[in-house]
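Heads up: the structure comes next, in structure tokens.
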Amino acid sequence: MSDFDLDAYFARIGYGGPTEPTLETLTAIHGLQVSAIPFENLDPLLGRPVNLDMESLQAKLVRSRRGGYCFELNALFKAALEALGYAVTGLAGRPVWMAPPDAPLSSRTHMLLKVALPDGPYLADAGFGAQLLDAPLKLQADSEQSTPWADWRLSHAEAALSLAVRLPDGWQPTYIFTLEPQLPTDYEMGNWFTSTRPQSLFVNNLVAERLTDDRRYNLVNRKLTERARDGTAMVHTLTGAAELAEVLDKLFDIEPPAAAEAVFARLPA
């Protein structure tokens with residue numbers, strides 16, 4: 001993409017390796033983006049627009065110390081991969097994370113990517129904030145695959161595919177998706193719905209997640225979970241706006257909002 005600053009993106013995620021469009025390059029960039037550019041939804045929570053044009057995405061995610069949610073993170077990831085010469089198709093999924101088995105399916109409000117490689121297509125996703133994926137997965141149904149952070153399973157789900165992650169108490173589905181290519185207008189509609197609907201999760205709750213080499217940081221409203229690779233976890237409840245700002249700054253590498261007091265006051269206890 002002519003309007004994509006690949007050098008600035010590489011500097012933001014800390015990448016200085018090969019640029020050939022290989023699985024090794026894809027894997028390295030995937031892992032670095034989820035570490036450097038966190039998942040967060042401060043803008044929908046504060047009633048601010050979420051813009052998906054590439055200039056806005058680069059200003060927020062590359063030139064500022066901010067993160068975003070799936071439509072932003074995977075749109076940026078897609079642009080970077082295309083700038084490197086990968087063939088990338090944008091897909092859409094229906095989140096089912098922690099939903100009861102008999103719950104109605106949600107709307108297609110998750111963006112993910114299919115990346116074509118010589119040995120077949122791969123699923124790449126730098127934006128599922130409930131359980132960030134740290135490496136691409138071979139897009140092969142009825143298979144179990146391991147990444148440095150987790151075990152994953154792709155399986156058929158009627159006319160779709162389901163991605164699940166292994167948790168200590170068993171397999172937990174994350175989302176259901178099809179291989180139907182999505183248009184930019186599809187993402188615009190999903191983004192508007194997700195960021196403005198009064199009942200939206202991201203309008204009413206703060207969610208942030210970041211993966212580093214040895215820690216998975218997850219923040220849901222006032223509950224902070226810090227999980228190590230061996231599965232051990234520390235859970236802490238934030239007590240005030242100053243602590244929220246410090247956690248965003250130090251653990252998630254997010255520039256704290258000027259309205260930290262207003263943000264904290266909105267968070268369910």
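For every residue, the table says whether it meets (1) touching a helix residue (DSSP H, G or I) at 6+ places or on another chain (Cβ under 8 Å); (2) at pLDDT below 95; (3) of a type outside the set (Phe, Trp, Tyr).
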position: ARG108; (1), (2), (3): yes, yes, yes
position: LEU112; (1), (2), (3): yes, no, yes
position: LEU123; (1), (2), (3): no, no, yes
position: ALA130; (1), (2), (3): no, yes, yes
position: GLN145; (1), (2), (3): no, no, yes
position: ILE176; (1), (2), (3): no, no, yes
position: GLU209; (1), (2), (3): no, no, yes
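Residues being open to solvent by 40 Å² or more (accessible area, probe 1.4 Å), among the acidic types (Asp, Glu) and outside any loop (DSSP other than H, G, I, E, B) are entirely absent from the range 121-143. With respect to ARG66, determine if the residue is closer than 28 Å to ALA260 by Cβ and either of a type in the set (A, V, I, L, M) or in contact with a Lys or Arg (Cβ under 7 Å, 6 or more places away or on another chain) (or both). It is true that ARG66 is closer than 28 Å to ALA260 by Cβ and either of a type in the set (A, V, I, L, M) or in contact with a Lys or Arg (Cβ under 7 Å, 6 or more places away or on another chain) (or both).
Which residue is surrounded by the fewest Cβ atoms within 10 Å (Cβ to Cβ), if the candidates are limited to the range 247-263 and must be assigned to a helix (DSSP H, G or I) and within 22 Å of the chain's Cα centre (by Cα)? It would help to see each step written out before you state the result.
Here is the first cut: in the range 247-263, the ones assigned to a helix (DSSP H, G or I) are 247-250, 260-263.
Subset that is within 22 Å of the chain's Cα centre (by Cα): 247-250, 263.
Details: VAL247: 19, LEU248: 24, ASP249: 13, LYS250: 11, VAL263: 19.
In this case the residue turns out to be LYS250.
Need a quick list: helices (runs of 4 or more DSSP H) entirely within the range 1-81 having at least 1 residues that are within 22 Å of ARG216 (Cα to Cα).
Working: elements: 6-13, 23-36, 42-45, 54-57.
By residue number, 6-13, 23-36, 42-45.
Residue count for the range 103-120, restricted to those that are touching a Pro at 6+ places or on another chain (Cβ under 6 Å) and open to solvent by less than 20 Å² (accessible area, probe 1.4 Å): 1. Restricted to the range 158-218, the set of strands (runs of 3 or more DSSP E) holding at least 1 residues that are within 18 Å of ALA75 (Cα to Cα) comprises 170-177, 207-211.
Only residues that are within 23 Å of ALA36 (Cβ to Cβ) and within 15 Å of the chain's Cα centre (by Cα) were counted across the range 88-113, and they come to 5.
Residues in the range 165-175 that are under 12 Å from PRO95 (Cβ atoms) and buried (at least 19 other Cβ atoms within 10 Å of the Cβ): 2 in all.
Residues are listed down the side, and each one gets a yes or a no for (1) surrounded by 15 or more Cβ atoms within 10 Å (Cβ to Cβ); (2) in contact (Cβ under 8 Å) with a residue 40 or more places away in the chain; (3) more than 21 Å from HIS110 (Cβ to Cβ); (4) over 13 Å from the mean Cα position of the chain (by Cα):
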site: PHE10; (1), (2), (3), (4): yes, no, yes, yes
site: THR25; (1), (2), (3), (4): yes, yes, yes, yes
site: PRO38; (1), (2), (3), (4): yes, yes, no, no
site: PHE71; (1), (2), (3), (4): yes, yes, no, no
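Within the range 176-218, if we keep just the residues that are aliphatic (A, V, I, L, M) and in contact with a Pro (Cβ under 7 Å, 6 or more places away or on another chain), the residue that is most open to solvent (accessible area, probe 1.4 Å) turns out to be VAL203. Selection within the range 153-164: residues that are under 18 Å from ALA99 (Cβ atoms) and of a type outside the set (A, V, I, L, M). The member of this set that is surrounded by the fewest Cβ atoms within 10 Å (Cβ to Cβ) is GLU158.
Checked against the criterion of being at pLDDT 95 or above, out of contact with any Phe, Trp or Tyr (no Cβ under 7 Å at 6 or more places or on another chain) and either open to solvent by 40 Å² or more (accessible area, probe 1.4 Å) or farther than 15 Å from ARG210 by Cα (or both), the candidates THR232, THR237 yield just one match: THR237. Residue pairs whose Cβ atoms lie under 9 Å apart, separated by 6 or more positions or on different chains, with the first residue in the range 100-118 and farther than 30 Å from LEU26 by Cα and the second in a loop (DSSP other than H, G, I, E, B), are ALA103/VAL96; LEU105/VAL96; LEU105/ALA99. Among the residues of the range 177-189, is any touching a residue at least 24 places away in the same chain (Cβ under 8 Å) and in contact with a His (Cβ under 8 Å, 6 or more places away or on another chain)? There is at least one residue in the range 177-189 that is touching a residue at least 24 places away in the same chain (Cβ under 8 Å) and in contact with a His (Cβ under 8 Å, 6 or more places away or on another chain).
The values are calculated or read from the model by the stated rules, or taken from the named source; none is laboratory data. All values derive from a computational prediction rather than experimental measurement. Cβ: placed from backbone, ideal geometry, glycine included. Neighbour counts: every protein chain shown. With ligands, DNA and RNA removed, areas are computed over all heavy atoms of the protein, side chains included. Shrake-Rupley method; radii C 1.70, N 1.55, O 1.52, S 1.80 Å.
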